[in-house]
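The values are calculated or read from the model by the stated rules, or taken from the named source; none is laboratory data. A quick note: this is a predicted structure, and the numbers were derived from the prediction, not measured. Cβ sites come from the backbone with ideal geometry, for glycine too, and all protein chains shown count toward neighbours.
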Amino acid sequence: MSKRSSFLSYGRQTIDEADIQSVIDTLLSTNLTQGPKIEEFENDVAKYVGAKYAVAFSNGTAALHGACYAAGIEVGDEVITTPITFAASANCVRYVGGTVVFADIDPVTYNIDLKEIESKITSKTKAIIPVDFTGQPVDLDGIMEISKEHKLVVIEDGAHSLGATYKGKKVGSQADMTMFSFHPVKPITTGEGGMITTNSVAYYEKLKLFRSHGISKTSYSSEQGDWYYEITGLGFNYRMTDIQAALGLSQLNKIDVFIERRREIAIMYNEQLNNVPGIKVPKQLNETESGWHLYSIQLDQNVINKPRKEIFEEMRGLNIGVHVHYMPVYWHPYYQELGYKRGICPKAEYWYEQALTLPLFPGMQDEDVMDVVKALKMTLGIQI
Ligand SMILES: *Cc1c(COP(=O)(O)O)cnc(C)c1O
């Protein structure tokens, strides 16, 4: 296998003519923001996942911030999440002054381990932020049971899992609030964008106020003129534009096709890599259907006598855009300075040292998948 002529990134968007036309139509319309497309997009996502309400945000991180606000997380409250995630799943707790508590992962699914969650619950625990890592849903029944017993709010980080199912139900209808991200590498894109889905009207109302400065137009009395509005709480400007929502609406039409292609590619990888000594392919539980946002393998450093860094660099040298998702969040200097010690989640740390993300996105051809497989086998010194 020689160097690919073009760089194969680990993930990227799929944009077609319908997406382009949808954006153009909105550009030529009256409203570039605060127009009709936002609500249409919210309604379509809510319907797709089977939730009552949806609130669009400027990005997924802003949406998580909103969810923490709506959940009433404040200074002194503890929130449990996984260390194997993008930092935003933890940072959002810090935005509202809460304390992040990391619970270790399950070594089979790499998702947060329910027994670890239970061991971290204290009288200060207010919420859990489980993450559907790589697109495989967490054990939602188990998490909702824990949350009922301890009166906790569950904010599911579904940045990877729009379109994935848990026991036949789409992610987005079962937790108290579920966050989706529409960053270009995610299941569908709006450029930047995010959303919260919920079945609670109370959360829905709070999220809408928070997204737009805390502005309420419904609380004014009839003596006031039509210009009148009130700031009823401290909100932000976290609005999505109609241009973004127009792209999202068009993208959502294709999500099942995207996921089907992602699944095909994952199956190809599984078949090609399953029997390679030292490689552990990701395991899917029977009750879940992953959205396959990421394809993350484990390189067993007891079997493979080449450091991951060398494998990574040789693959990059062949123009294969391997990546690593994610370093344990509390290893970041910001969290180290807050006092989190290395070693608090040993399974997550062990997992991280061996993790490698292979390219996976709907636009990949079978030949691209085989380029990755061949490059990996060559790097590991395996005859092909
Ligand atoms: C992408 C991502 C986010 C944040 O979403 P943005 O839209 O990029 O702000 C949060 N959590 C996880 C797990 C993510 O992958």
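This table checks each residue for (1) buried (at least 24 other Cβ atoms within 10 Å of the Cβ); (2) away from the ligand (no atom under 14 Å from the Cβ); (3) among the hydrophobic types (A, V, I, L, M, F, W, C); (4) assigned by TED's automatic domain parsing to the domain that holds Ala266.
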site	(1), (2), (3), (4)
Pro36	no, yes, no, no
Glu40	no, yes, no, no
Ala54	yes, yes, yes, no
Ile84	yes, no, yes, no
Gly97	no, yes, no, no
Val100	no, no, yes, no
Val108	no, yes, yes, no
Glu118	no, yes, no, no
Gly135	yes, no, no, no
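Looking across the stretch 181-208, the residues that are in contact with a helix residue (DSSP H, G or I) (Cβ under 7 Å, 6 or more places away or on another chain), near the ligand (Cβ under 10 Å from one of its atoms) and either among the hydrophobic types (A, V, I, L, M, F, W, C) or not assigned by TED's automatic domain parsing to the domain that holds Ala246 (or both) come down to Phe182, Met195. Which condition number in (1) without any contact (Cβ under 8 Å) to a residue 60 or more places away in the chain; (2) touching a Ser or Thr at 6+ places or on another chain (Cβ under 7 Å) is the one that Asp242 fails? (1) is the only condition that Asp242 fails. Of all residues in the stretch 143-153, none are within 13 Å of the ligand (Cβ to nearest atom), crowded, with 19+ Cβ neighbours inside 10 Å and not assigned by TED's automatic domain parsing to the domain that holds Glu349.
The set of residues in the stretch 165-180 being in contact (Cβ under 8 Å) with a residue 24 or more places away in the chain, away from the ligand (no atom under 13 Å from the Cβ) and in contact with a strand residue (DSSP E or B) (Cβ under 9 Å, 6 or more places away or on another chain) consists of Thr165, Tyr166, Lys167, Gly172, Ser173, Gln174, Ala175, Asp176, Met177.
Whenever a residue of the stretch 185-206 is under 27 Å from Val322 (Cβ atoms) and charged (D, E, K, R), its partners that are within 16 Å of the ligand (Cβ to nearest atom) and part of a strand (DSSP E or B), lying with C-beta atoms within less than 8 angstrom and at least six residues away or across chains, give the pairs Lys186/Phe180.
Please verify whether the stretch 299-319 includes one or more residues that are in contact (Cβ under 8 Å) with a residue 40 or more places away in the chain and under 21 Å from the mean Cα position of the chain (by Cα). The answer is no, given that none of the residues of the stretch 299-319 is in contact (Cβ under 8 Å) with a residue 40 or more places away in the chain and under 21 Å from the mean Cα position of the chain (by Cα).
Let's see how each residue does on (1) surrounded by fewer than 19 Cβ atoms within 10 Å (Cβ to Cβ); (2) within 21 Å of the chain's Cα centre (by Cα); (3) within 15 Å of the ligand (Cβ to nearest atom); (4) within 22 Å of Asp176 (Cβ to Cβ):
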{"site": "Ser22", "(1), (2), (3), (4)": "no, no, no, no"}
{"site": "Ser29", "(1), (2), (3), (4)": "yes, no, no, no"}
{"site": "Thr33", "(1), (2), (3), (4)": "yes, no, no, no"}
{"site": "Asn43", "(1), (2), (3), (4)": "yes, yes, no, yes"}
{"site": "Gly60", "(1), (2), (3), (4)": "no, yes, yes, yes"}
{"site": "His65", "(1), (2), (3), (4)": "no, yes, yes, yes"}
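Based on what the data block shows, is Val131 crowded, with 22+ Cβ neighbours inside 10 Å, farther than 26 Å from His323 by Cα and either of a type in the set (D, E, K, R) or not assigned by TED's automatic domain parsing to the domain that holds Tyr350 (or both)? When the stated conditions are applied, Val131 does not pass them.
The number of residues in the stretch 175-202 being surrounded by fewer than 22 Cβ atoms within 10 Å (Cβ to Cβ) and under 22 Å from Met144 (Cβ atoms) comes to 5.
How do the helices (runs of 4 or more DSSP H) wholly within the stretch 1-84 filter down when requiring 3 or more residues that are over 30 Å from Val322 (Cα atoms) and in contact with a Phe, Trp or Tyr (Cβ under 6 Å, 6 or more places away or on another chain): which remain? First the steps, then the outcome.
Working: elements: 17-27, 36-49, 60-70.
Ranges flagged: 60-70.
Scoring Thr218 on the criteria (1) without any contact (Cβ under 8 Å) to a residue 12 or more places away in the chain; (2) crowded, with 18+ Cβ neighbours inside 10 Å leaves a single failure, condition (2).
Quick one: in the stretch 86-95, of everything that is part of a helix (DSSP H, G or I) and not hydroxyl-bearing (Ser, Thr, Tyr), which residue is nearest to the ligand (Cβ to nearest atom)? The selected residue is Ala88. With respect to the stated conditions, Asn275 is of a type outside the set (Val, Ile, Thr) and out of contact with any Phe, Trp or Tyr (no Cβ under 7 Å at 6 or more places or on another chain).
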